[in-house]
Amino acid sequence: MEKLLTQSKPLQENGFIRFDLKQLWSYPTLGEELSQLQQAFADLPPDPYAPNHTRFRRYSRAIILPWDGTFYWLPNHVREDGVEVCEYFQGTFNAEHVDTYRAFAPLSEATKANPLLHNIILHDYEQTFWDTRELVMPIHVGVHLVNFLVKPGEEAFASPNHIHQDGEPFTFAHLITYRNVKGGLNAIAHPDCTGKQLDEVPEHLIHTRFTLTEPLDSYGVCDRMVSHYVSPVTCGPNGNIAERGMLLIDYTPTVIAIT
């Protein structure tokens, strides 16, 4: 493998990073842009692959050109029935959807135009690291808006609902909405923990545990270096509904296979 073009970064050294974008950024329109992004979570359709209708989701795809840093949204796929969707494929990395394409409603054009979302996507990309061969091709960006909405007695959970790796080289997670939540504990673990529940893993294999509670509190992982997990969300004591909205962004190199 050729030398990396960039110097060592915290994500490269540890396999994961924690950060708070509100502490990194301060500009006059930040609050308004965050509010607009939060409103986008109120317009998410049900995740068609969530069995108990407590998970809501949109997904769109984009590319970054590494040689000049430009960013482009990719077009949606139009099905035979005229409905626009974006398809998501994880190969064998999601045991609940092995080698299966999942089709989600795409982000709205207004959400795609949100300056804060654009800034987050480019910020996260700057934390990643690549082989020089990968940087002469576009980097694929997957952008997920995932909202857990839970009433008393219900439970919302991620897919897959165990310690896992995603299959994309880098994934970043940003808390956008949060109210009356019980649960939602994040854990970063050794890759050998993949496929297990958190209580099945020896403590020395858990790198860190944390709970995101403030908008724009964030973390990122290098998929080959760690595994990760978020516990199910239930309703807290301060209302009749719990909400935990996450912006998830993954980065994958373009690969051309010649056979």
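The values are calculated or read from the model by the stated rules, or taken from the named source; none is laboratory data. Remember, predicted model here, so these are calculated numbers, not experimental data. The accessibility values were calculated without ligands, DNA or RNA, using every heavy atom of the protein model including side chains. Shrake-Rupley method; radii C 1.70, N 1.55, O 1.52, S 1.80 Å.
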Checklist outcome for this item: When the chain is treated as a Gaussian network with springs between alpha carbons less than 10 Å apart, the largest mean-square fluctuation among Ile206, Ile121, Ile176 is found at Ile206
Checklist outcome for this item: In the chain the accessible area split gives carbon plus sulfur, as whole percent at 1.4 Å, a share of 53
Checklist entry - Gaussian network model of the chain, Cα springs within a sub-10 Å range: biggest mean-square fluctuation belongs to which of Met137, Met225, Met246? => result Met137
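Starting from the Cα gyration tensor of region 111-218, take the square roots of the eigenvalues, sort them a ≥ b ≥ c, and report rounded, prolate or oblate (rounded when a/c is under 1.5, otherwise prolate if a/b is larger than b/c, else oblate). It would help to have the intermediate numbers written out before the result.
Numbers: a/c = 2.17, a/b = 1.22, b/c = 1.78.
It is oblate, given that a/c is not under 1.5 and a/b is not larger than b/c.
What whole-number value in Å² describes the accessible area per residue of the chain for a 1.4 Å probe? Provide the component values of the computation, followed by the final result.
Numbers: 12670 Å² over 259 residues.
Ligands and nucleic acids excluded, the result is 49 Å² per residue.
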Checklist entry - Can you tell which of Tyr178, Tyr125, Tyr72 shows the greatest fluctuation in a Gaussian network model of the chain with Cα springs below 10 Å? => result Tyr72
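Can you compute the helix-only [θ] at 222 nm over the chain? Use -39500 (n - 2.57) per DSSP H run of at least 4 residues, normalise by all residues, nearest 500 deg cm²/dmol. Mind showing how you got there, number by number?
Details: 5 runs with 38 residues, N = 259.
Calculated at 222 nm, the ellipticity per residue is -4000 deg cm²/dmol.
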Checklist outcome for this item: For Lys22, counting only lysines whose alpha-carbon sits under 22 Å away and dropping same-chain residues fewer than eight positions off, the answer is Lys9, Lys112
Checklist entry - From the list [x] 12.8; [y] 13.5; [z] 15.7, can you say which value of mean projected area of the Cα convex hull in nm² was derived from the structure given? => result [z]
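Below 8 Å between Cα atoms, with a sequence gap of 6+, how large is the relative contact order for the chain in percent? Could the numbers behind the result be given before it?
Working: 555 pairs, mean separation 68.3, N = 259.
Relative contact order for the chain comes out at 26 percent.
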